[in-house]
Amino acid sequence: MESKKMTPLTLLIPSKLGLESLTAQEIRDLGYLDLEVRNGEIEVKADAQALVRLNIWLRTGERVFLKLSEFPAHTFDELFEGIKKIPWSEFLPKDAQVHVFSKCLFSALMSDRTVQSISKKAILESLKKVYKLEQFPETGVEFKIHVEVLHDQARILLDSSGAGLHKRGYRAEAGEAPLR
C-alpha cells in the first residue's frame, strides 16, 4: 500500500512583542523545527497533529492560526476573488457560524467593515457552489476567519484556538466583585 505524503500546513502563532523567542523555543521543544520567527509572530510548517499539540501545550503563544492563503489585494474585487478561491468546504461545514475579523494597515483597502463584508460574501459564495444552498443557517459551530491586509497583501487565517491560549485553565471564571 502506497503511503500518501501530506503537504505541511502553515501555522501562525502570534506572540507578545519580546516573547517571540520564548514561544519559538516552546515550539522547538515540542519537536517542530521548521519555523520562522518574526516581530510578534512565529510561522511553523507542520502537520495537522501540530495544530492540536500547539493549542494544548503552548504557554506563551496567544493563538494558533491556520494560514489558508496569501495574495495581493489592491482592490476589493481582488480580495473577493482571492478569498473565493480558497476551498472553504474543506474547513467549514454547511451550518458553520462564520465570523470575519479584519485588520487593514498601509493598504489601499482601509475600511475594516467593507473588508469583513466582502470576505464573508466571498466565503458564502464559495460554499454555495459546493453545498448547493442559497441561505446558510449558521446554527453550528463558530468559525473565526481573520483577514489581514498589510501593504496591499491579504493574508487569510482560520483561528483554531477558540478562546485565547492565555485564558485557558489558570482560573475559574470571575465571580461577583467582593466589595460590591
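The values are calculated or read from the model by the stated rules, or taken from the named source; none is laboratory data. Predicted model only: the values in this text are computed from it and were never measured. Quick reminder, even Gly has a Cβ in these numbers, built from the backbone with ideal geometry, and neighbours come from all protein chains shown. SASA here: full protein model, heavy atoms, side chains in, ligands and nucleic acids out. Shrake-Rupley method; radii C 1.70, N 1.55, O 1.52, S 1.80 Å.
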Legend entry - Residue in region 61-70 that is among the acidic types (Asp, Glu), open to solvent by 20 Å² or more (accessible area, probe 1.4 Å) and modelled with pLDDT under 95 present: yes
Legend entry - Unmet criterion (only one of (1) outside any helix (DSSP H, G or I); (2) touching a Leu at 6+ places or on another chain (Cβ under 8 Å); (3) open to solvent by 30 Å² or more (accessible area, probe 1.4 Å)) for residue 31: (2)
Inset, instruction - Determine if region 57-67 includes at least one residue that is touching a residue at least 60 places away in the same chain (Cβ under 8 Å) and of a type in the set (Phe, Trp, Tyr). - result: yes
Legend entry - Residue list for region 132-163, filter: surrounded by 12 or more Cβ atoms within 10 Å (Cβ to Cβ), over 14 Å from residue 88 (Cβ atoms), of a type outside the set (Lys, Arg) and modelled with pLDDT of 95 or more: 146, 148, 149, 150, 152, 153, 154, 159
Legend entry - Residue list for region 116-152, restricted to those being part of a helix (DSSP H, G or I), out of contact with any strand residue (DSSP E or B) (no Cβ under 7 Å at 6 or more places or on another chain) and hydroxyl-bearing (Ser, Thr, Tyr): 117, 126, 131
Legend entry - Filter pass, residue 103 being open to solvent by 20 Å² or more (accessible area, probe 1.4 Å), more than 13 Å from residue 148 (Cα to Cα) and basic (Lys, Arg): no
